[in-house]
Every structure is written in C-alpha cells, then in structure tokens.
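As structure tokens, the structure follows; a few thoughts come after it.
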Amino acid sequence: MADKVAREKFIRISRRTDVKLWQRIVIIGASILFAFLLIGLISNIAAPGSFLRFYEYMFKGTFSTPRIFMTLLWNVGLMLLVAVALAPAFKMRFWNIGAEGQCLMGALGAVIGLYFIAPHVPTFLALIIEFLLAILFAAVWAAIPAIFKAFLNTNETLFTLMMNYMATGIVASFIIFNQTPGRSGTIDPLNSATKAGWMPQIQFFHNSYVYNIIIIALVAVVIWGYLRFSKHGYELSVVGGSQNTARYVGINVKKVIIRTIVLSGVVCGVVGFLLVAGGSHTISASIVSGRGFTAILVCWAGNFNVPMMLFYSFLITFVSSGSSTASSALPYSDAISEVATAVFFIIIIASTFFVNFNVHIPWLKKLIDKIKDLFKKKEKEAAQ
Amino acid sequence: MLTTSNNIKVVELKNITKVFGSKVANLNVNLDLYKGEILSILGENGSGKTTSMNIISGLYAPDEGSIYINGELAKINSPHDSLMYGIGMVHQHFKLVDVFTAAENIVLGLDKQDYANFAKKIEEQEESRFAELRKQGKEPSEEELKESKKRINAAKSFNIKNAASRIKEMCDRYGFELDPNKKVYNMTVSEKQTLEIVKALYRNANILILDEPTAVLTPQEIDRLFMVIQNMRNDGKSIVIITHKLNEVMRISDRVAIFRKGEHVATVETNKTSIKELTDMMVGAKVDLEIERSTPTDVADRLFVNNLSVKNNDGRVVINDVSFVARSGEILGIAGISGSGQKELLEAIQGLRPLESGEIIFHNPKKDKPATFFHKTLKKIKALAAHGAFHDPDGKRINFKGMSNKEIRKMVNDCKVLFYEDEIVNLKGKNPLQIRELGIRLSFVPEDRLGMGLVSNMNLVDNTMLRSYRHGHWIFLDRERPRKLIEKIIKELDVSTPGTNTQISKLSGGNVQKVLVGREIALAPKVFMAAYPVRGLDINSSYTIYNLLDKQKCSGIAVIYVGEDLDVLLALCDRIMVLCDGRISGFVDARKATKEQIGEMMTRHGEVQ
Amino acid sequence: MNISFFVGVISIMVVFLYGCIGEIITEKSGHLNLGTPGVMCFGATGAVVGARIFINITGGPDAVRDGAGSPVLGIFLLVLFCLIFAGIAGLLYCFLVDTLRCNQNATGLVITTLGVGIYKFIGSILCPQVDRHGFTAIGRRFFSSPLPVDFRNSNWFTQLFLSYSTLVYIAIIIAIIVFIIIKKTRIGLNLRAVGENPGTSDASGVNVTRYKYVATIVGSLITGLGGLYYLFDYNTGSMEYSLEGLGWIAVALVIFSIWNTGLAVFGSFVFAFFYQLPTPLSNIIKNEAISPLVSTLPYLITILVLITISIFNKKETQPPSALGLTYFREDR
C-alpha cells in the first residue's frame, strides 16, 4: 500500500502502578490549589478587581460566625451522607446515579409521616414513624432498578437516572394535591405551632442542626465500618471486582446486588428524613437541590473511601456556599456557585490522571536534556 | 522447498525493547523476515514472541529500537500504519465486531486511499484484459467498456454489496468457506479465523502474522490452513506463525526464530535442525524434565460423574453424555483440544453450571470417622442413626434408644459416634455454597485466574479469605487467620511479593498462581481440580505446581488436572481421559500411553480402550 | 385536542430531537455523555453571547427591537457562537474522558453542572433585565418566524406541517442525514465499530481517538443547536426557563429510539406529546395534581423500553457494547 510515513509520537502514556502516598498528596493538593485559583480568576473576569475580595467573601460566608459555620457543617454532613449512600453501590460497580430521586422519595416518606401521623401521636413515636417511612420509600425506589439489574442485567445508569424524574413528578403531584390552601404549589412548614414530629432542637451556637449532624456522623461511621470490616462489605467488593469470582466462591450475586442497593436507598432515606424532620419541615420538588448528583462526584473523587469523601464534601460545600455568599456582595449571579463546583470537580477528576498514568513527552525530555547539557558545558567553561 | 534464495528482507527488527511496568517483555530483539518465506516464532508462554509481533503490527509502541520495512525505516504508531506497510496480523483472541457481518468486519477501517487503490488495481486488470483482446484483433464492445467502467467506479466507493462479491471471489480463489453476510456472533471459531485471514488478504497484506493459529482448530482445519498458508507463500507473501507446537513448526516453516524470556535466542533453518535442538534452545539451560510421580496408594472411588451433559454460555451443549470416576490418591488428567468442554465440565462439578442431564455423585470418605455437629444437626444425626448409619468405637451399631438429647450431644462431641459407611451425596442442582455446607470440600483452580479465582483489585489477604471469609466473628470479617495463611503460603511456595497488602494484579503470573493454588490447597479438599494451572508460568513455577499436585495426590486427594501439554500430562498423571468435541474418546494409562495415541484420540471419538 | 396542540407538540419535539441526535452520535462512539443537558446549555449560552455581540454592534437593544441590523449577520453570529460553545463542551468532555481517561459518568455530570451554571452565570451578565427586549426581538425577528412562504388558504395541512421555522426542518433533515451516514457509509461503519469494540477497530486501522473526538464534538454541536432553538426560537429569546430537564429527556429518548436517529424522530414526537399533554388534560380533568404525573410518562416509557430490550436481549437492539468504558490501547 501507500508508503505513508507516520509522524513521531508527540506524547506517550503508560499506566503507573508505583505511585507513592506523598506523590498522591502532592498531586491532589496542587490540583485543589489550582482549582481555587481558577475560581478566583473567573470571579475576577466577571467582576474585574474582585480576585482577592472573592476569597475574603468565601471565608466570610462559611467561617465568620459559629452559626454560619454550623450551617456549613450541616451542609457538609448532608453532602457526605449522600456520598456515603452511594459508596457501597459504586464499590460494587453499580452506577447508581439516582440518589437525587431516592433522597426525594425518602423526604416524601418523611413528609407523609409529618403530615398525616405526627399530629396524632407523641413526637418520639412520630419521629420513628417518619424515619421508617423515609427509609422504606427510598429503599423501595432504589430496589426497583436493582432488581432489574440483578435478574435481567438492565442498564442501571440509565434506569436510575430516569427514576430521578419519576420521583420529581410524584413529589410535585403530591405537593399540588396537598398544597396549603391559598398557595399555589407549595406546602408551608407543617405543624409549625405544635412542632409535632419535628426533630428536637437544642440551641448550640444559635443553631438547631446538632442532632442532625450527630445522626449523620453515626451513619457515616456505620457505613465506613460496614464497607471495611463486615462480611457484607467484603462480598459487595468481590461482586464489584469480578462477578465470576463471586459466583465461584458461592456468593449469591443477585442477592448481594439487591441488598447493597437497598442499603444505598436506606441511607438516602435518612437524608430525606433529615431534610424534612430536621430541616425544612415541608417538602418541595427541589429539596435535595442537586446533592444527589454532586455527591456522585464527591464519592468518585474520594475513591469510595469515607474519610476522603468527608474531605471532599467539606471542600465542595465550602466552595459552593462560599462563592454563593460572594455573589451576593459582588455584581454577578449566584450561579457562580454551580460554575465553581463544576470547575473544582473538573480539576479534581482530571488530576486522577496523573495518579494513574505516567506521561512521557519525548520532545520535552530531549529539550530538558539539551538545556542540561548546555548548563554542564557552561559549568565546565566556568570551571576552566 | 521454495526458500529465501531471493534474500529480500521485508521486515527487520533492530534492538527492539519493550517494558511493561517492571516486566521486560522484549529485550534487544533483532529479527529478519524474508520475502516469500514462512517463519515460525517459537517460544514458551510469556517469552515475548507475541509482544514482538504486536509491535510490528502497531499495537504496542516499542520503548527502544527501530523497525525497517523493505529496507526503509518504518514508523509504526498504530495498526493502521502497519497496514499501510502491508502487514496484517491475526490475533489469538479474534479482533472482530460481534454484531457486524463478515463483510462489514472486512471493510472496517479501510479509508479512501484504500478504495482508490482497489479501483486502480481493477483498472489495471481490465486494461490488461482489453489489451489482450486487442492483441487478438478484437475491439471490446461498447457494452463491455461500460461494464468495466462500472466495476471500476463501484470499487472506488464504500459499498457493502460490492465488498461481499469481492470477498466471494477471493474465497473461491483460495478455497475459503465464508458467508459474507453471516453475523460474527453466529460463527464458529474456525469461521472467525478464516474471516480474520480473508480480512488481511482483502487489504493486500504481503506480510501475514498468525498468533497461535492452530490452538483452536481440528486437524482437518489445520490441514486446510496450512495449505492456504503455503499457497500464500508461493504467491510471494511472507508469513509469520507464532506457536509453541514443535511438530507444526517442523511441518510448515522455512525458518524458525526462537524466543526465550523476552530475547531472540537464535534463528535456524528448519531442515537443518531437530525437535530436540529446538527444545533445548527454547528451554535454555537444560532443566530436569522429570516430573515427580508417586505410585498411587489407597485408591478409592471419590467422585462419580454419570452421563453428564452441560451447556456453555452460548447455550450450546459442550459436554455430552460424559461419565467417569475420579479416585482419591490418583491424578486424573483430562486431555483435549482447548474448547472441547473442559472448562464447562469442571465448572459443572464445582456447582457453577446447571446440569442438562446426568448427575455428579460424591463419596464422602466418612467410614469409621466421627460424626460432628459441624455439618449435621442433632435431628439429622438421630434420623441417620435410626437407619443404622453409625457405630461406636467398639463396632456396635448405635441407635440412641433411651438416650436424652443431652447424652447424645455428649456422645457426638466425644467423637464416639462413627459412620458405618461412606456418605453418598448427589451434587446435582447444588450451588457452591450448598456443596460446602454439606461438608464437601472441592478445590478448583480455574483457567481464568484473575477473572474467576481471584479479584484483581484486592490485596493478597482479601484474596486469601475469598474461600473462608464466612467463618467466625458474627457479621465481621476476621483478617487475622487469612493473613497468617498467606504469610505461610508466601514462605512455603516462595511467592515473590512486596507484602501481604499488595494488590494481586501487581504480581507476576506465576506468583498469582501460587497464591491461588496455595489457597485452594489450604481448604484441605477431598477433590482438587486444576484447569491449565501452568499456563503462562515459567519453568520453575510450573514444577512447583506439578510437585504440589503430586503431593496432594499422595495425601489421598482425588486430583483432576486439565492440561494442554501432552508431555506433562503423560509424565504427571496416572490416568488420562481424552475429550473430543464434548465426548469422551477414551481413557489411557498415563504410564503406558504414547503422545501419538492421545493426539489421535483428541481428534476422533468413540474408541474406548 | 386540536391542531394547535399538535403544532405545539412538534415545536417542542425539536428540542428533544436535536439533543437526541447529538447524543446518539456521541453514544455510537462509546461515550455515554451525561453532559447532554449541559451541552445544550452551552449552546444556548453561546447563542446569548452571539446575540449580545449583535446587539452591541447594531447599537443597543432598542435599535434591534426597531428592526436594525441584518438578519444574516444576526443568525450567523448566534449560530456561530452556539456551535463554538457547544463544541468546546464536547471537546472538554473528550479531553477528560479520552485523553485523561476519567470516568464517563462523573465527567458527564460535571459538564452538566458546568453548563447549567454557565448558562445562568453568563446569561445574568450579558442579558440584564433592561436589555431583555433586545434578545426577545432577535428571537422573534430571526428565529421563531415561520418559513417565508405565504400560504393563502391556510388549511390543516399547512398549519400542521409547514408553519414552523427553519430550525425545525433542519432538525428533521439532520436526523435523516445522520441515519444514512450511520447505516450506509464507511464513516458510519467505523463509528459503530468504535462504540462496539474499540480494540478491534484500532487493530483494523480505525483511528479510535479521532473517531471518538469527532463524533462527540459533532454530536455536541447538534445538541447545542437544540439549546439555541429552545432559547431563541421556542421561547423567543426569553431566558427564564431552565433547559436542564429537556436535556435529560433527550438522554432518555436515545434509549427509546434504540440508538437509531430515524426512530428518534418518532420518539421525540411521542415524548413531546406527553410533555404537552398536561395542558389540554387540565381542561378535561380539573385536578392540577395530574399534570406532573403525566409529564413523568416519557421517563416511565423509557424505563419500560430499557426493561424490554434487556428481556429480549437481541444483539442488534443493545446499547453499543463499549458504551461507558474507557479505551486504553496498551492495557492487557
């Protein structure tokens, strides 16, 4: 055939297996710094001269008072909990991108309890009923795609994605059906007068999220232990690693898939419960506000490892609420917080490349060698 | 024999080095290929023969060294570049798109330049035909000219129908059997291989590289393949055959290049060498080829497979009415062309595959052994006692008459309740977990180590506890015992690893296999099954495995060994069962049989000795 | 239900169709781009940028409203920037997934977040409240006007089939062209092979990386046009409606049309039908709570299709086998 001469490779990439812990830390640290720099630059472009003020506002909006800081922690906790819910599923290589809908269904369960049962029973019992309804709704919602995955190998990514919008529709319909008289399409906080079925609120730095944060911490620790030390956690990693191996050692793959995803749903249900009983005491179709999607990124970036997910939950909540605060003082819209979140994750996700691969750039290496030679020559000349 | 008298070098490899991670796959390889020759590349698994050919075909980029094609420095960065130089490679694992037809697979990846070349070629053919006609004084008719224009234009552009008719022509010329409109997922292995070769020829490949082409073929198919290869050689094409089968090397090739541990050791002319010389070069320094084989003692029937039929994943019956007995203290070898149902047979015994018909009966050697509550409930023991299944240490039958439950428990726990007979269990319809719960310990070293026997992204400890993680500690894992076990395995089997927390995929093939075999032996099995346990292993690791198998046999375990190397089967096993196309073609005594005898049985069934 | 209802259905179906064709091309190359909603937003953002430039060079929003500026320039600027922005989104996705080998799901979701954010962010900067009339004028004047053909006696046929703007017909033409390219041409064959089995395609001489890049970027361009259409044609330049939900419908539609752009035309009609159904339905059933349930029907149908194709498990109706997987040639 034609004697076409191929060009020399511009760049060559190979998998690396020998990355050390400090290298990993340096790569992640550098990319976080770079991401922060980039977000500041975006702010500076939108509002010239705001580069340093932007960071100042970010800190103000997250650390300035204990109350604000507690709110930050509450949001960090919610993000972490959704990510924790996803971790078992992702570890099993089940791409559950339906956390948004599962949390929403959990919230629906809790709101049903709050609306119909809480006024008639003691608060302690009401809370338990709300909790059970929340995890039941969310678990069922998660189990549907899992059952089809287990028995028919139906694509779970697309299935769970669709389930999100089904959930939104159902909740929207519920809200209209039960809307507060005189208001269109919203339900006012329920039982405001009696606080029946509300999470007890103790004042701690003028903040009412203390119990919520404790519950989140408890669940996170339990799931962390479940993944690391329990037989179930081990089984789901085997299924994720190789379904053939799982069958070979006698693991019932179908059972493990369904069990794990139900667990994933249960944790999402806890999120829904906290959002309703410990948060707004009502429901709206956007109550989860995209956490189900952002948490996927948190979970992925944190490599399904609970402490790392906490780290990223904290960072990303800091970035999004910080930049949102900045936008109220600077002349641009609060959509900066979405942009900042995305930019942050793009950099973090991209940085994993340098953890997993070696890059060889022949021409750059030649260039560096040449420069080195030049220096050596000069040194020699200088020595002479 | 037409050989390399013309001495035109079509391919020259110069100082090729390729490293994967820490493993050197090729080191300073220099190799020449001449026009119109058949070159065999001989070497053991993992000797770097496939890697070097993958470099020529553009799949891997070499770390160092250069490739010359027709005397010119070639820059091959992708398979397409390699095709441009007229190199076609047929991989061991076929590279075909399942949902495409044969024709679609063949034209896949051709670009405009290729089509222009096709058209040019046809134009040349047509012109010479017309010139011939004119010589005879006949002017081609208007219609004929039109027809030829049409053919040339058709070849210029992408059109599946034209391609299909071109493929048909090509197949007729070479004697291939291939339906251009058949989908690949409906094809047999041999059809797929044919398709791969036709695909390379369609692209006017002058250099054809075949990676282990005979591994999956029947003798008749091999004959046909060799005939085609010789035809192509006579056509002036150069063919490279990667193989480790010596008889085929002697039969087909003009020259042989021998690879060992990533290096090109030597190239010799086939008619000036012998199998023995080739073996020596392939193996290197002479290794003691004597495999330890102990004389079987205490042979007892352990596992009965009766009239078994099993389907593979595609729903085809691959084990058909197979019956045999595996005995304790014996190694039963299973020989056969790969893909004759060996994999499915072992998986069926292990409980991983439903049985279409037939049964698998396990004789649990319980005679005179105490019953325990480990596998049996009190109720079950009482029921068995009523049937007279137990005797006491003095040999008297036990019936527990007039004893309270407490007394019975005490008696069992004191090991005073002994079985009269071996326990007989039908494994049909039971999954691996149920089989284990019955107290039947089957060890199985599957063919696909990292895909079935182990989990590649887990560390050594977690891989070691795959079989035992259910023991103890309520819902939590006990990592202490597996850690101790893997440390023992590492020490005893000389596994080279940075530590017990290393991810298993980072270990070399031999070490991975040692971990797997070590774990399976630690189960203290009654039946030990191993499928191709030495595939891809170096000589020393292979011998470690052979010795382990022999040791298992001596400790009264029924060993089933599926292998591909007949020499090893003959040296290691006691009996050999030969499979052909999912049926048993016979059993032989490994101490008396010859390779030729087995080889013949592998390809013909029905002759039971 | 009357003709105007179906006219409404066809108008909205085009948004889904653009997104769906774009995503089909992308998925054929093995990229499951969950960034489709984001890419649509990128396209719309680009159109806003183009509109802003047009307004600035023609002398402000009032002048545009009063008929200043050439339509050719206006359309050119909007389409150009729409394509540039959508192309950048596609390029970013490819760079992350193909060159940096990031996980496809995570990358797609990031692109969606980024697109939605940028749409609002840049929109709020370039299209402040006081200039809105300029943008709606662009939408009204250049995009949402029907074909420049005068039908004297407008009957049901002309109303139903010939009363739309150019971008509607372009969508259907693109669908047909893409159908032919994928089914009948060399490029289509190579593209399908890349999504089915990149290793094989690579060995056969197909430049896998190039195909993935080109397919994803071309797909993004088409998806981006959907954003432009929705913002300036369907909504005549009014930025108050979110695009994200429509993008997800487009992703769902890819499954419904089993990766076939011909079926996508039919599928987008079905989805649009259910999308618009709540309006006439509320006239019949006097309960508002029904309409959110009806609008989940497209998703429900998609789920049913997913289940059906997994039950029948026919090779030809499956997603491209390598969908969602990262290809690295030297992996052994």
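Assorted remarks:
- Residue within the stretch B:386-406 that is outside any loop (DSSP other than H, G, I, E, B) and in contact with a His (Cβ under 9 Å, 6 or more places away or on another chain) present: yes
- Number of the exception - B:N247 against (1) open to solvent by less than 80 Å² (accessible area, probe 1.4 Å); (2) assigned by TED's automatic domain parsing to the domain that holds B:I197: (1)
- Close pairs from the stretch C:218-245: first touching a residue at least 12 places away in the same chain (Cβ under 8 Å), partner of a type in the set (K, R), Cβ under 7 Å, at least 6 apart: C:T236/C:R140
- The stretch A:147-170, residues that are in contact with a Ser or Thr (Cβ under 8 Å, 6 or more places away or on another chain), under 26 Å from A:G279 (Cα atoms) and either more than 7 Å from chain C (Cβ to nearest Cβ) or open to solvent by 10 Å² or more (accessible area, probe 1.4 Å) (or both): A:Y165, A:M166, A:T168, A:I170
- Helices (runs of 4 or more DSSP H) within the stretch C:220-332 that include 2 or more residues modelled with pLDDT of 90 or more and not small (G, A, S): C:244-256, C:261-276, C:297-312
- Restricting B:L477, B:L466, B:L460 to those that are at the interface with another protein chain (Cβ under 9 Å from one of its Cβ atoms) and open to solvent by less than 10 Å² (accessible area, probe 1.4 Å) reduces the list to B:L466.
Conditions (1) part of a strand (DSSP E or B); (2) touching a residue at least 40 places away in the same chain (Cβ under 8 Å); (3) open to solvent by less than 30 Å² (accessible area, probe 1.4 Å); (4) not hydrophobic (A, V, I, L, M, F, W, C), marked per residue:
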residue	(1), (2), (3), (4)
B:Q513	no, yes, yes, yes
B:L516	no, yes, yes, no
B:E520	no, yes, yes, yes
B:A530	yes, yes, yes, no
B:P533	no, yes, yes, yes
B:Y543	no, yes, no, yes
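- Selection status of A:N191, within 19 Å of A:G279 (Cβ to Cβ) and within 27 Å of the chain's Cα centre (by Cα): no
- Residue check for C:T216: surrounded by fewer than 18 Cβ atoms within 10 Å (Cβ to Cβ), in contact with a Phe, Trp or Tyr (Cβ under 9 Å, 6 or more places away or on another chain) and not aliphatic (A, V, I, L, M): no
- Boolean, A:S313 is within 11 Å of another protein chain (Cβ to nearest Cβ) and either more than 23 Å from A:G61 (Cα to Cα) or small (G, A, S) (or both): no
- Take the conditions (1) under 21 Å from the mean Cα position of the chain (by Cα); (2) open to solvent by 50 Å² or more (accessible area, probe 1.4 Å); A:L297 misses just one of them, which is (2).
- Residues being buried (at least 19 other Cβ atoms within 10 Å of the Cβ) and of a type in the set (S, T, N, Q) - total across the stretch A:35-70: 3
- Filtering A:V276, A:V266, A:V339 for residues that are open to solvent by 10 Å² or more (accessible area, probe 1.4 Å) and in contact (Cβ under 8 Å) with a residue 12 or more places away in the chain leaves a single hit, A:V266.
- Scanning the stretch B:159-203 for residues that are more than 29 Å from B:G339 (Cα to Cα), part of a loop (DSSP other than H, G, I, E, B) and open to solvent by 40 Å² or more (accessible area, probe 1.4 Å) gives a single hit, B:N159.
- Residue in the stretch B:82-90 that is in contact with a helix residue (DSSP H, G or I) (Cβ under 8 Å, 6 or more places away or on another chain), closer than 30 Å to B:A61 by Cα, surrounded by 13 or more Cβ atoms within 10 Å (Cβ to Cβ) and free of Cβ contacts under 8 Å to residues at least 40 places away in the same chain present: yes
- Search result, residues across the stretch A:58-77 that are within 13 Å of A:S320 (Cβ to Cβ) and not assigned by TED's automatic domain parsing to the domain that holds A:A295: A:M58, A:G61, A:T62
- Residue that is among the hydrophobic types (A, V, I, L, M, F, W, C), at pLDDT 90 or above and either open to solvent by 60 Å² or more (accessible area, probe 1.4 Å) or under 18 Å from B:I242 (Cβ atoms) (or both), where the choices are B:V24, B:V97, B:V10: B:V10
- Residue match in the stretch A:241-263 (condition: more than 14 Å from chain B (Cβ to nearest Cβ) and among the small types (G, A, S)): no
- Taking the stretch C:253-280 as the range and being over 26 Å from C:A193 (Cβ atoms) and buried (at least 24 other Cβ atoms within 10 Å of the Cβ) as the test, the residues that pass are C:S268, C:F271, C:A272.
- Conditions (1) at the interface with chain C (Cβ under 10 Å from one of its Cβ atoms); (2) more than 22 Å from B:V189 (Cβ to Cβ); (3) not basic (K, R): number failed by B:Y68: (1)
- Flag for C:N283 being within 9 Å of chain A (Cβ to nearest Cβ) and open to solvent by 60 Å² or more (accessible area, probe 1.4 Å): no
- Flag for B:K406 being open to solvent by 70 Å² or more (accessible area, probe 1.4 Å), modelled with pLDDT under 80 and among the charged types (D, E, K, R): no
- Summed over the stretch B:122-139, the residues that are of a type in the set (V, I, T) and either open to solvent by 100 Å² or more (accessible area, probe 1.4 Å) or farther than 20 Å from B:A155 by Cβ (or both) give a count of 0.
- Residues that are among the hydrophobic types (A, V, I, L, M, F, W, C), touching a helix residue (DSSP H, G or I) at 6+ places or on another chain (Cβ under 9 Å) and open to solvent by 60 Å² or more (accessible area, probe 1.4 Å) within the stretch B:414-454 comprise just one, B:L450.
- Some residue of the stretch A:352-366 being assigned to a helix (DSSP H, G or I), surrounded by fewer than 21 Cβ atoms within 10 Å (Cβ to Cβ) and in contact with a Ser or Thr (Cβ under 7 Å, 6 or more places away or on another chain): no
- Condition check for A:V306 on (1) open to solvent by 20 Å² or more (accessible area, probe 1.4 Å); (2) β-branched (V, I, T); (3) more than 10 Å from every other protein chain (Cβ to nearest Cβ): one failure, at (1).
- Any chance C:A289 is facing another protein chain (nearest Cβ under 10 Å), more than 28 Å from C:T45 (Cβ to Cβ), free of Cβ contacts under 8 Å to residues at least 60 places away in the same chain and not polar (S, T, N, Q): yes
- Filtered residue count, the stretch A:211-225, keeping only those that are within 9 Å of another protein chain (Cβ to nearest Cβ) and open to solvent by 30 Å² or more (accessible area, probe 1.4 Å): 0
The values are calculated or read from the model by the stated rules, or taken from the named source; none is laboratory data. Given the structure is predicted, the values throughout are model-derived calculations rather than measurements. Every residue, glycine as well, gets a Cβ built from its backbone with ideal geometry; the counts of neighbours run over all protein chains shown. Surface areas here come from the heavy atoms of the whole protein model, side chains and all, with no ligands, DNA or RNA. Shrake-Rupley method; radii C 1.70, N 1.55, O 1.52, S 1.80 Å.
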